[in-house]
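Engineer: The structure follows.
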Amino acid sequence: MKNNIFFIAFIVLMSFGSKLLAQNASTKQSSTTKTVLLINTHLTYPGWSEGKLNASFYNVAKEFFISKNYKVLETKVEDGYNADEEVEKHLQADIVILQTPVNWENAPWIYKKYVDEVFNSALKSKKFLSGDGRSEAEGSKQYGMGGKMQGKKFMISATWNAPEESFNNPKNPLWQGKTADDALFNIAANYLFTGFEVVPGHYCYDVYHNKNIKGDLENYPAYLQKVFNIK
């Protein structure tokens, strides 16, 4: 009888221990799981710009991060959003990637609206920043350093009508030697302002004439792995 009691007690303890180990492993995995926020800001123009190419890059990124065990948060601006919820997504995310077409040398207007609403919400709640970095002690020397989002990374993935050769070319009359990152700096600036690290963007150029779009899509995961140093 005594042996049976000891045996039952042993089984109970083993079961409890196994559950505790599993719980600890789950907690550890949860604490180390990284999160990416993917934002698609394509604006549909029926019969002209349906958004298939941007959706393709967006989906390639989604599949890549899932394969690397990232938690993937998603926002498709054209489908609507809640500004306060977008703030929380940014707070959760280790990486934010904006997928956008370049319309008239900028992101579609719905993205500017998105930024105004989301970042204004975060400004009011002081969740992204506590000020603009200026202080009585140093005046305006630290302007742009009031953000709270250090340790997070932001990247632009854009589709361009412009050919790649038009960038980094001092003789080009439009860009005058600027890089594609330079040309879209206004998009990245608000992320820099709040403390994000902005990494070099991924660009698909000359989309109406590009015969290697398939290759650009195929090479995108390798770019993501390299730029974010993902093993």
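The values are calculated or read from the model by the stated rules, or taken from the named source; none is laboratory data. It should be emphasised that the depicted structure is a prediction, and the values quoted were computed from it without experimental measurement. We place every Cβ from the backbone using ideal geometry, glycine too, and count neighbours over all the protein chains shown. Surface accessibility is based on the protein's heavy atoms, side chains included, excluding ligands, DNA and RNA. Shrake-Rupley method; radii C 1.70, N 1.55, O 1.52, S 1.80 Å.
Engineer: Amide H neighbours of Asn40 under 5 Å, at least 5 residues apart or on other chains, H built in the peptide plane: list them.
Structural biologist: Thr75, Lys76, Val77, Gln99
Engineer: Could you give the length gained on full extension between Glu50 and Asn120, defined as 0.36 nm per residue of separation minus the Cα-Cα distance, in nm? Intermediate results must be reported in sequence, preceding the final value.
Structural biologist: Details: separation 70, 0.36 × 70 = 25.20 nm, distance 2.97 nm.
Length gained between Glu50 and Asn120: 22.2 nm.
Engineer: List, in order, the whole-Hz ³J(HN,Hα) value for each residue of segment 53-66 obtained from phi through the Karplus relation with A = 6.51, B = -1.76, C = 1.60 and θ = phi - 60°; use x for Gly and Pro.
Structural biologist: Residue by residue, segment 53-66 yields 5, 5, 5, 5, 5, 4, 5, 4, 5, 4, 5, 4, 5, 4 Hz.
Engineer: Tell me whether segment 49-102 comes out rounded, prolate or oblate; compute the Cα gyration tensor, take square roots of the eigenvalues as a ≥ b ≥ c, and use a/c under 1.5 as the rounded threshold. Kindly include the intermediate steps, with their values, before the conclusion.
Structural biologist: Values: a/c = 2.33, a/b = 1.11, b/c = 2.10.
It is oblate, given that a/c is not under 1.5 and a/b is not larger than b/c.
Engineer: Among Lys71/Lys112; Lys71/Lys148; Lys152/Lys226, which pairs are too far apart, with a Cα-Cα distance over 18 Å? Each step should come with its number before you reach the end.
Structural biologist: Values: Lys71/Lys112 26 Å; Lys71/Lys148 22 Å; Lys152/Lys226 16 Å.
Exceeds cut-off: Lys71/Lys112; Lys71/Lys148.
Engineer: Hey, can you grab everything whose amide H is under 5 Å from the amide H of Val96? Only 5+ residues off in sequence or another chain; H modelled, so Pro and N-termini drop out.
Structural biologist: It is Leu37, Lys153, Phe154, Met155, by chain and number.
Engineer: Using θ = phi - 60° and the Karplus form 6.51 cos²θ - 1.76 cosθ + 1.60, what ³J(HN,Hα) does each residue of segment 35-40 get, whole Hz, x for Gly and Pro?
Structural biologist: Ordered by residue, 3J(HN,Hα) equals 10, 10, 10, 9, 10, 9 Hz.
Engineer: On to the next question. If you plug each phi of segment 200-208 into the Karplus form 6.51 cos²θ - 1.76 cosθ + 1.60 with θ = phi - 60°, what whole-Hz ³J(HN,Hα) values come out, in order, with x for Gly and Pro?
Structural biologist: x, x, 10, 10, 10, 9, 6, 5, 7
Engineer: Skip the ligands, DNA and RNA, and give the accessible area per residue of segment 183-224 with a 1.4 Å probe, whole Å².
Structural biologist: Numbers: 2130 Å² over 42 residues.
Averaged over the residues of segment 183-224, the accessible area is 51 Å².
Engineer: Also: Cross-link partners among lysines for Lys113, C-alpha distance below 20 Å, same-chain residues fewer than 8 apart left out?
Structural biologist: Lys76, Lys89, Lys124, Lys126, Lys127
Engineer: If I model a spin label as a point 7 Å beyond the Cα along the Cα-Cβ vector, how far apart are those points for Ile66 and Thr32 in nm?
Structural biologist: 2.3 nm
Engineer: Once amide H atoms are placed 1.01 Å from N in the peptide plane, what residues at a sequence separation of 5 or more from Lys34, or on another chain, have their amide H within under 5 Å of its amide H?
Structural biologist: Those qualifying (amide H under 5 Å, at least 5 residues apart or on another chain) are Lys71.
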